[in-house]
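J.: Mind having a look at this structure? Questions to follow.
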Amino acid sequence: MVIKPLEEDSTPGTVKPFPVSLVEPVAYPIQLAQLSDQPGRSVYIVFDQDENQAGQKASHQLALRLKTVGIRVRIAHLPYGHDPNSYFVVGANAADFTTRLREADRL
């Protein structure tokens, strides 16, 4: 599971992934502080698209937490049954992923 802050690193056109553990809530205050250190920051959330809806529910729960500290949130949806890794394993490329980000839901 990865949150991607929309900020460029030293390589033009790239974004820094920001890993988030949903199992360790103790880390949330530190992670939220890091993400909210720049006013107006936008974050894309890309979780698994599960049959049991676990990834979708986790996306929305995290989005609500991020919004409480002033972060603009968008949730990108992968094809049903895929996680970020399997999406690329089956042949998706950077352009495909960028399309998913452009089509992401605003919360």
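Just so it is clear, none of the values below were taken in a lab; they were calculated from the coordinates. All values reported here derive from a predicted model rather than from experimental measurement. A quick note on method: Cβ atoms are made from the backbone with ideal geometry, for glycine too, and the neighbour counts reach across all protein chains shown.
J.: May I ask you to evaluate 6.51 cos²θ - 1.76 cosθ + 1.60, the Karplus curve with θ = phi - 60°, for each residue of the range 33-42 and list the ³J(HN,Hα) values in order in whole Hz, giving x for glycine and proline?
T.: Karplus-based 3J(HN,Hα) across the range 33-42 equals 4, 5, 6, 9, 6, 10, x, x, 4, 10 Hz.
J.: Around ASP50, with a cut-off of 12 angstrom between Cβ atoms, what is the net charge of the other residues, counting Lys and Arg +1 and Asp and Glu -1?
T.: It works out to a net charge of -2.
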